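Structure first, commentary second.
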Amino acid sequence: MTHTPREIVTTVALGLPAVLGAGVFAGFAPAAGLAGWWVLPALAVSALAALCSAFSTADQSRAYPDVGGGYGYVRAQLGVWPARMTASAHLLGRCAMAAAVASMFGAYVVPDQPMIGALALVVATALLGAVGFRFTSGVSVLVSVVVLGVLALVVAASFSIAPVPSVGETGTPNELVGVAGLMFMAFAGFERITAPHRGERPRPVSVLKIAIPVLIGLSFVVYLAVGAGVLRQLGSARLALSPAPLRDALVAADSAALVPLVQIAAAVAGVAALHFVLTSAHRTLTGLAEDGDLPTRLKPGALTLVVVAASALAVVLMPLGTALGVAACGTLFYYAFTNASARVLLQNDRTWPMRTACLGLGLSVLLAMSMPVPAMLISIAGLGIGTGLIGLTSSLRASLKEKRAASPQHTPQAR
């Protein structure tokens, strides 16, 4: 069955708001601090890992259409404990990503009070989701046009005027792989089209075959252009210290009049990306509750409150650079498990060959273990603690259930 170019464009536009978030607006600062100009070739490695992981989630979503994301796929294919580790990695990555997106919003939109702006964004976006707001295809197209248009202005301004000579450069090529891991989180919103939520119409395979490479490829080109522009205008040393690289690049390029447009784009992109992040975390918590790894009596509102509280706590505890690193590392661990489960899919459930899942698994592990040490240690600790808590909760529920089953339902009454 063939599909029109309009369907492919709509699918790509649906995924772009989930991809163009904290990475493009704030990710280049910590990346430049580690690798300098080597962040640009590192983006190619990030895009390749994202492409393989997108193929894996698309195939698994087709094989298990009613399962809640990577946690459900891994549980069906690899078992309970790997699934619990997958859920822990995903929730850790989502909370850190929520903190990164919110902190980016605060740095651009409320620079005088970034913490208050970040927390306000978390609460406001959660309320939007609670009242039923969804990023439909039409809204997503509008968001994509606004964000891409402003990013194009930033790139044009950055290359239109000669930069002031920078003092010193930062980063080494030795950090290329680690930076590729850090920038992986910039592409990780592809599940918006590869693993639709319950009630959403799944995208046909013929559309995804084109839309996935186009989404990753377009995102790669955008990141490459923006990264080259801000590096040219600010230099790696100055870029590494910038809390809002796109704004500072415009000011350096004598285009301060465009700063309000960047603030609008950052606000729009922040809401869109954070909405996807919170919804994705909520889906994993729902899957855990449905499978008995969390109390089954938890209502959707309680799960939303858990996600919001954890995200707000991450905003308070993690600086933007740390949040980006933990988000990337946790997400890479998540996709390591997801790619591992995709390797054992039956041939009839495959659209892409098994070697893409194998490559995705290898790249996910390599990039995760090459991350900056603080982010890796926090992620490993969070993975262990989260998996242990999920296992303990499940064991306690099973024990209580057995006690209830063994106790008499009715006590005899004296006549």
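The values are calculated or read from the model by the stated rules, or taken from the named source; none is laboratory data. Treat the numbers as computed from the prediction; the structure is a model and nothing was measured. Every residue, glycine among them, receives a Cβ derived from its backbone with ideal geometry; neighbour counts consider all protein chains shown. All accessible areas refer to the heavy atoms of the entire protein, side chains included, with ligands and DNA or RNA removed. Shrake-Rupley method; radii C 1.70, N 1.55, O 1.52, S 1.80 Å.
Within the stretch 291-324, can you find the residues that are part of a helix (DSSP H, G or I), touching a helix residue (DSSP H, G or I) at 6+ places or on another chain (Cβ under 7 Å) and at pLDDT 90 or above?
Of the residues in the stretch 291-324, the ones part of a helix (DSSP H, G or I) are 300-317, 320-324.
If we keep only those that are touching a helix residue (DSSP H, G or I) at 6+ places or on another chain (Cβ under 7 Å) too, we end up with 303-304, 306-308, 310-312, 314-315, 320-324.
Answer for the stretch 291-324, where residues must be part of a helix (DSSP H, G or I), touching a helix residue (DSSP H, G or I) at 6+ places or on another chain (Cβ under 7 Å) and at pLDDT 90 or above: VAL308, ALA310, SER311, ALA312, ALA314, VAL315, LEU320, GLY321, THR322, ALA323, LEU324.
Condition test on PHE135, is it crowded, with 23+ Cβ neighbours inside 10 Å, modelled with pLDDT under 95 and aromatic (Phe, Trp, Tyr)? I'd like the intermediate steps shown before the answer.
Working: crowded, with 23+ Cβ neighbours inside 10 Å: no; modelled with pLDDT under 95: yes; aromatic (Phe, Trp, Tyr): yes.
So PHE135 does not fit the description; no.
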#### Entry: Close pairs (7 angstrom Cβ cut-off, 6 or more residues apart or separate chains): under 17 Å from SER364 (Cα atoms) in the stretch 35-58, among the acidic types (Asp, Glu) anywhere
THR57/GLU191
### Summary
Exactly one of MET85, MET115, MET97, MET104 is in contact with a helix residue (DSSP H, G or I) (Cβ under 6 Å, 6 or more places away or on another chain), open to solvent by 50 Å² or more (accessible area, probe 1.4 Å), touching a residue at least 24 places away in the same chain (Cβ under 8 Å) and not acidic (Asp, Glu), and that residue is MET85
### Query
Conditions: (1) under 29 Å from LEU34 (Cβ atoms); (2) in a helix (DSSP H, G or I); (3) not β-branched (Val, Ile, Thr). LEU288 meets all but one. Number of the miss?
(1)
### Task
With the checklist (1) more than 19 Å from the chain's Cα centre (by Cα); (2) part of a helix (DSSP H, G or I); (3) of a type outside the set (Val, Ile, Thr) in hand, flag the one item GLY132 doesn't pass.
(2)
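Each row is one residue, and each column tells you yes or no for (1) surrounded by 16 or more Cβ atoms within 10 Å (Cβ to Cβ); (2) charged (D, E, K, R).
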{"site": "ALA269", "(1), (2)": "yes, no"}
{"site": "ALA273", "(1), (2)": "yes, no"}
{"site": "THR279", "(1), (2)": "yes, no"}
{"site": "HIS282", "(1), (2)": "yes, no"}
{"site": "GLU290", "(1), (2)": "no, yes"}
{"site": "PRO295", "(1), (2)": "no, no"}
{"site": "GLY301", "(1), (2)": "no, no"}
{"site": "VAL307", "(1), (2)": "yes, no"}
{"site": "VAL315", "(1), (2)": "yes, no"}
### Query
Just one of the numbered conditions (1) open to solvent by 10 Å² or more (accessible area, probe 1.4 Å); (2) touching a Ser or Thr at 6+ places or on another chain (Cβ under 9 Å) is not true of GLY321; which one?
(2)
